[in-house]
Amino acid sequence: MTGDLLNSFTVGPDESGRFGDFGGRFVSETLMPLILELEKEYENAKIDSNFWKEMDDLWANYVGRPSPLYFCERLTNHFSGAKIYMKRDELNHTGAHKINNVLGQILLARRMNKKRIIAETGAGQHGVATATVCAKFGLKCVVYMGAHDVERQAPNVFRMKLLGAEVIPVTSGRGTLKDAMNDALRDWVTNVEDTFYCIGTVAGPHPYPEMVRDFQSIIGKETKTQMLEQEGRAPDTLVAAIGGGSNAMGLFYPFLDDLKVSIIGVEAGGKGVNSKMEHCASLTGGRPGVLHGNRTYLLQDDDGQILEGFSISAGLDYPGIGPEHAWLHESGRVNYVSITDKEALTSFQLCCELEGIIPALEPSHALAHVGKIAPKLPSDHIICMNMCGRGDKDIFTVAKALNFDMDFS
Amino acid sequence: MARIDDTFSALRANRKKAFVAYIMAGDPDYNESKELLMGLPEAGVDIIELGLPFTDPMADGPTIQLAGQRALNSGQNLEKTLQMVQDFRSKNNVTPIIIMGYYNPIYSYGVDKFLSKAKLVGVDGLIIVDLPPEEDSELCIPAKNIGLNFIRLATPTTDENRLPAVLKNTSGFVYYVSITGITGVANASSANVSPEISRIKKETDLPVVVGFGIKTPEAALEMAKVADGVVVGSAIVEKIAQGESNKSVLAFVKSLAEGVHDA
């Protein structure tokens with residue numbers, strides 16, 4: 001789709017769930033009626049002031065919103081270029097942006113009288129957020145998590161169990177987020193009567209990409225207001241990390257039609273975006289295909305078989321990306337880049353040392369790109385990155401990568 | 001083109017029900033799988049569903065998932081699956097073959113290129129699990145235009161409002177999914193399925209074939225009493241997983257076919 005056909009970058013999706021050629025509803029017939037029912041319920045909720053009143057109350061008093069917009073003085077001095085701000089979504093209850101969306105979906109599940117909630121999780125942050133909100137509302141919670149991720153994100157597995165969720169390790173495939181999503185869909189198709197599938201990112205069949213984006217847009221809306229208060233204007237550049245792309249969509253969406261704002265999405269480059277496919281950069285290293293209910297950019301071989309991605313960050317370890325990102329990529333509105341594991345690790349340490357913030361590995365990718373562009377920009381240029389999660393869950397992975405001995409006995 | 005219609009006409013004339021067998025193309029490898037495919041008609045199979053392997057088969061249980069992985073590991077792909085149909089057609093020009101799988105390998109290959117090649121090698125129909133009526137313009141309509149049957153799944157969640165849309169562009173037969181769930185896990189009940197088939201039959205003249213959760217000759221017989229045909233997949237594939245010889249797999253297939261044809 002070319003730019004001159006558009007009045008706005010915020011009108012999608014259309015009634016068939018498309019953002020340009022991307023998105024759609026590629027699901028089995030068994031799930032189709034459920035997806036239509038969900039769409040109807042969301043359309044009703046969207047214009048119901050009581051729904052948003054309840055969301056606002058929970059966001060404020062349960063999650064702790066608005067999250068601060070923080071000026072990173074020492075990082076700014078370190079790179080001696082643009083002014084660097086962080087949207088502090090890692091300060092949310094449960095430690096990441098994921099809960100913004102989970103609250104919305106669980107309130108929908110309650111409206112639909114569904115008593116059993118299923119979710120997929122990669123890094124475990126979406127699983128923890130879902131388990132948390134289910135505990136609060138007394139709902140049964142089942143979380144599918146790749147066996148490989150269960151191993152590398154052990155603290156989050158324990159958290160989910162403490163919160164009363166059942167965690168099912170998924171052994172099909174390589175045991176990461178993609179495989180967890182397959183098994184969650186298999187659960188949903190089996191338990192259609194009582195089960196609500198709470199998807200953690202802006203992917204999946206329509207209406208999920210739209211719905212999750214809308215719930216996460218609170219990030220960008222707050223950023224707009226806070227930046228106006230602190231700087232009297234909008235930021236010049238936005239940067240966010242992308243696995244499926246929900247924290248990025250949430251930050252970007254309210255700024256899409258402000259064309260003065262440059263927007264950058266950072267994919268996981270793993271060991272480097274090359275022919276060996278040891279990365280998760282779907283836009284940089286993939287091509288369009290159909291998986292998990294939507295058409296989007298996917299890592300795949302010549303036969304259309306889905307490839308396993310690779311990233312040190314379990315939350316970015318997904319071979320696809322939300323369809324709206326695919327469209328923003330093709331329309332040129334958002335620029336997508338990639339950052340390697342090594343670069344992310346360096347930024348992880350820098351953030352700890354200079355700002356006293358232990359970041360998750362996911363936003364460490366965003367920070368690494370900020371570190372690449374900030375030195376070349378003038379001091380009145382404002383960059384805002386999304387600090388979408390805290391790094392407590394990642395300390396074991398990072399310790400291993402840095403050859404740090406965790407045995408203090 | 002008319003192989004599926006002709007098959008049902010012939011069965012009806014003999015007052016018999018259709019036995020539809022599913023195997024995964026390339027499982028455990030091309031040659032074994034081709035030999036099994038060639039043997040299916042003589043074992044009593046009326047219609048063949050040939051699985052197109054995919055890494056992420058979201059509607060399938062562990063049995064079919066593993067079969068797909070075995071096939072992919074042995075080097076199977078879309079091109080070789082079409083080759084297998086061509087090999088089959090050089091010996092058999094009667095038994096219908098339906099390609100069953102997921103959309104991405106076809107989309108990746110190119111829809112038009114796939115359809116013309118499929119038509120050329122003698123494919124009769126397609127069952128693509130992740131293409132509901134809402135996405136008909138992707139493959140269903142182009143398939144229909146080129147003369148391939150697009151066989152739609154109807155499920156327990158397909159209500160009165162949706163049924164006309166589900167039946168609209170379906171041809172060949174309607175595949176009724178007996179359970180909510182994935183292949184090869186739960187057991188289907190003919191008592192539950194019977195009223196559903198009557199419901200569908202009120203809306204269409206097409207044959208209604210039942211699949212998912214049918215594992216034994218006895219279960220196939222019971223289901224065949226209430227439907228126009230029965231599909232067995234995972235139970236056959238499970239024999240291949242256990243390393244049974246093609247001869248032994250075909251003996252099992254024959255027992256299933258006799259169950260269905262006795263109904």
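Of all the residues that make up the range A:9-30, how many are in a loop (DSSP other than H, G, I, E, B) and facing chain B (nearest Cβ under 8 Å)? Spell out the reasoning first.
Applying the first criterion (in a loop (DSSP other than H, G, I, E, B)) to the range A:9-30 yields A:9-17, A:20-21, A:27-30.
Next, only the ones that are facing chain B (nearest Cβ under 8 Å) stay: A:16, A:27-30.
Number satisfying all stated conditions: 5.
Being within 14 Å of chain B (Cβ to nearest Cβ) and touching a residue at least 24 places away in the same chain (Cβ under 8 Å): is that true of residue A:236 here? Spell out the reasoning first.
Numbers: within 14 Å of chain B (Cβ to nearest Cβ): no; touching a residue at least 24 places away in the same chain (Cβ under 8 Å): yes.
Taking the combined requirement at face value, the residue does not satisfy it.
Against the conditions (1) closer than 16 Å to residue A:68 by Cα; (2) assigned to a helix (DSSP H, G or I), where does residue A:254 fall short? Just the number, please.
(1)
If residue A:229 satisfies every condition in (1) more than 19 Å from residue A:116 (Cβ to Cβ); (2) buried (at least 24 other Cβ atoms within 10 Å of the Cβ) but one, which is the exception?
(2)
Considering (1) within 14 Å of another protein chain (Cβ to nearest Cβ); (2) surrounded by 23 or more Cβ atoms within 10 Å (Cβ to Cβ), say which one residue A:37 fails and leave the rest.
(2)
One residue is enough: does the range A:225-235 have a residue meeting the conditions within 17 Å of the chain's Cα centre (by Cα), within 24 Å of residue A:360 (Cα to Cα) and in the same structural domain as residue A:90 (by TED's automatic domain parsing)? Show your work before the answer.
So the first thing to find is which residues in the range A:225-235 are within 17 Å of the chain's Cα centre (by Cα), and the list is none.
The answer is no, given that none of the residues of the range A:225-235 is within 17 Å of the chain's Cα centre (by Cα), within 24 Å of residue A:360 (Cα to Cα) and in the same structural domain as residue A:90 (by TED's automatic domain parsing).
Looking at (1) facing chain A (nearest Cβ under 10 Å); (2) farther than 21 Å from residue B:243 by Cα, which is the one condition that is false for residue B:9?
Checking residue B:9 against (1) facing chain A (nearest Cβ under 10 Å); (2) farther than 21 Å from residue B:243 by Cα, the one that fails is (1).
When the range A:307-336 is examined, which residues are found to be over 21 Å from residue A:172 (Cα atoms) and buried (at least 20 other Cβ atoms within 10 Å of the Cβ)?
First, the residues of the range A:307-336 that are over 21 Å from residue A:172 (Cα atoms): A:322-336.
If the condition is that a residue be over 21 Å from residue A:172 (Cα atoms) and buried (at least 20 other Cβ atoms within 10 Å of the Cβ), then A:322, A:323, A:324, A:325, A:326, A:327, A:328, A:329, A:334, A:336 are the ones that fit.
Among the residues of the range B:188-241, which ones are under 23 Å from residue B:67 (Cα atoms) and more than 18 Å from the chain's Cα centre (by Cα)?
B:241
Going through B:166, B:174 one at a time, which residue ends up being at pLDDT 95 or above, within 9 Å of chain A (Cβ to nearest Cβ) and closer than 20 Å to residue B:227 by Cα?
On the way: B:174 fails: within 9 Å of chain A (Cβ to nearest Cβ).
Going through B:166, B:174 in turn, the sole match is B:166.
Restricting attention to the range B:121-135, report how many residues are within 12 Å of residue A:32 (Cβ to Cβ) and either in contact (Cβ under 8 Å) with a residue 60 or more places away in the chain or more than 7 Å from chain A (Cβ to nearest Cβ) (or both).
First, the residues of the range B:121-135 that are within 12 Å of residue A:32 (Cβ to Cβ): B:129-135.
Still in the list and also either in contact (Cβ under 8 Å) with a residue 60 or more places away in the chain or more than 7 Å from chain A (Cβ to nearest Cβ) (or both): B:129-130, B:133.
Within the range B:121-135, residues that are within 12 Å of residue A:32 (Cβ to Cβ) and either in contact (Cβ under 8 Å) with a residue 60 or more places away in the chain or more than 7 Å from chain A (Cβ to nearest Cβ) (or both) number 3.
I need the full set of residues from the range A:125-140 which are within 14 Å of residue A:158 (Cβ to Cβ) and part of a loop (DSSP other than H, G, I, E, B), in order please.
none
Residue A:161: basic (Lys, Arg), farther than 25 Å from residue A:307 by Cα, away from every other protein chain (no Cβ under 14 Å) and without any contact (Cβ under 8 Å) to a residue 24 or more places away in the chain, yes or no? Quick ask: steps written out before the conclusion?
On the way: basic (Lys, Arg): yes; farther than 25 Å from residue A:307 by Cα: yes; away from every other protein chain (no Cβ under 14 Å): yes; without any contact (Cβ under 8 Å) to a residue 24 or more places away in the chain: yes.
The answer is yes for residue A:161.
Here is a yes/no grid of residues against (1) part of a loop (DSSP other than H, G, I, E, B); (2) buried (at least 23 other Cβ atoms within 10 Å of the Cβ):
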{"position": "B:7", "(1), (2)": "no, no"}
{"position": "B:12", "(1), (2)": "no, no"}
{"position": "B:19", "(1), (2)": "no, yes"}
{"position": "B:22", "(1), (2)": "no, yes"}
{"position": "B:27", "(1), (2)": "yes, yes"}
{"position": "B:34", "(1), (2)": "no, no"}
{"position": "B:43", "(1), (2)": "yes, no"}
{"position": "B:64", "(1), (2)": "no, yes"}
{"position": "B:76", "(1), (2)": "yes, yes"}
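List the strands (runs of 3 or more DSSP E) that sit entirely inside the range A:257-306 and contain at least 3 residues that are in contact with a Cys (Cβ under 7 Å, 6 or more places away or on another chain) and surrounded by 24 or more Cβ atoms within 10 Å (Cβ to Cβ).
Values: elements: A:262-270, A:287-291, A:293-298.
Passing ranges, in order: A:262-270.
Among residues belonging to the range A:170-200 that are more than 10 Å from chain B (Cβ to nearest Cβ) and of a type outside the set (A, V, I, L, M, F, W, C), point out the one that is farthest from residue B:72 (Cα to Cα).
Going through the range A:170-200, the residues more than 10 Å from chain B (Cβ to nearest Cβ) turn out to be A:170, A:174-177, A:180, A:194-200.
Checking the rest, the ones that are also of a type outside the set (A, V, I, L, M, F, W, C) come to A:174-176, A:194-195, A:197, A:200.
On the way: A:174: 15, A:175: 18, A:176: 19, A:194: 36, A:195: 33, A:197: 30, A:200: 30 Å.
Among residues in the range A:170-200 that are more than 10 Å from chain B (Cβ to nearest Cβ) and of a type outside the set (A, V, I, L, M, F, W, C), the one farthest from residue B:72 (Cα to Cα) is A:194.
Can we say residue A:219 is modelled with pLDDT of 95 or more, touching an Asp or Glu at 6+ places or on another chain (Cβ under 8 Å) and part of a loop (DSSP other than H, G, I, E, B)?
Working: modelled with pLDDT of 95 or more: yes; touching an Asp or Glu at 6+ places or on another chain (Cβ under 8 Å): yes; part of a loop (DSSP other than H, G, I, E, B): no.
Spelling it out, it is not the case that residue A:219 is modelled with pLDDT of 95 or more, touching an Asp or Glu at 6+ places or on another chain (Cβ under 8 Å) and part of a loop (DSSP other than H, G, I, E, B).
What helices (runs of 4 or more DSSP H) lie completely within the range A:37-124 and have 1 or more residues being in contact with a strand residue (DSSP E or B) (Cβ under 9 Å, 6 or more places away or on another chain), among the hydroxyl-bearing types (Ser, Thr, Tyr) and within 20 Å of residue A:384 (Cβ to Cβ)?
Numbers: elements: A:49-58, A:73-79, A:98-111.
Helices (runs of 4 or more DSSP H) meeting the threshold: A:73-79.
Can you tell me which residue in the range B:149-163 is nearest to residue B:188 (Cα to Cα), limited to those that are more than 7 Å from chain A (Cβ to nearest Cβ) and in contact with a strand residue (DSSP E or B) (Cβ under 6 Å, 6 or more places away or on another chain)?
Residue satisfying both the conditions and the ranking: B:151.
When the residues of the range A:311-330 are filtered to those that are among the small types (Gly, Ala, Ser) and at pLDDT 95 or above, which remaining residue is nearest to residue A:25 (Cα to Cα)?
Filtering the range A:311-330 for residues among the small types (Gly, Ala, Ser) gives A:311, A:313-315, A:320, A:322, A:326.
Filter once more, so that each one left must be at pLDDT 95 or above: A:322, A:326.
Details: A:322: 13, A:326: 16 Å.
The qualifying residue nearest to residue A:25 (Cα to Cα) is A:322.
If you check B:137, B:116, which single one turns out to be assigned to a helix (DSSP H, G or I), surrounded by fewer than 21 Cβ atoms within 10 Å (Cβ to Cβ) and modelled with pLDDT of 95 or more?
Numbers: B:137 fails: assigned to a helix (DSSP H, G or I).
Going through B:137, B:116 in turn, the sole match is B:116.
For (1) within 14 Å of chain B (Cβ to nearest Cβ); (2) more than 30 Å from residue A:28 (Cβ to Cβ); (3) without any contact (Cβ under 8 Å) to a residue 12 or more places away in the chain, each residue gets a yes or a no:
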site: A:232; (1), (2), (3): no, yes, yes
site: A:258; (1), (2), (3): no, yes, no
site: A:273; (1), (2), (3): no, yes, no
site: A:277; (1), (2), (3): yes, no, no
site: A:291; (1), (2), (3): yes, no, no
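Please go through the range B:159-180 and give me each residue that is within 16 Å of residue B:135 (Cβ to Cβ) and out of contact with any Asp or Glu (no Cβ under 6 Å at 6 or more places or on another chain), ordered by number.
Passing the criteria: B:162, B:165, B:166, B:168, B:170.
Of the residues A:118, A:106, A:199, which is at pLDDT 95 or above, of a type in the set (A, V, I, L, M, F, W, C) and within 23 Å of residue A:280 (Cβ to Cβ)? Talk me through it step by step, then tell me what you get.
Values: A:118 fails: within 23 Å of residue A:280 (Cβ to Cβ); A:106 fails: within 23 Å of residue A:280 (Cβ to Cβ).
That would be A:199, the only listed residue that is at pLDDT 95 or above, of a type in the set (A, V, I, L, M, F, W, C) and within 23 Å of residue A:280 (Cβ to Cβ).
The values are calculated or read from the model by the stated rules, or taken from the named source; none is laboratory data. Nothing here was measured: the structure is a model prediction, and the numbers come from that model. Neighbour counts are summed over all protein chains in view; Cβ atoms, including those assigned to glycine, are modelled from backbone coordinates with ideal geometry.
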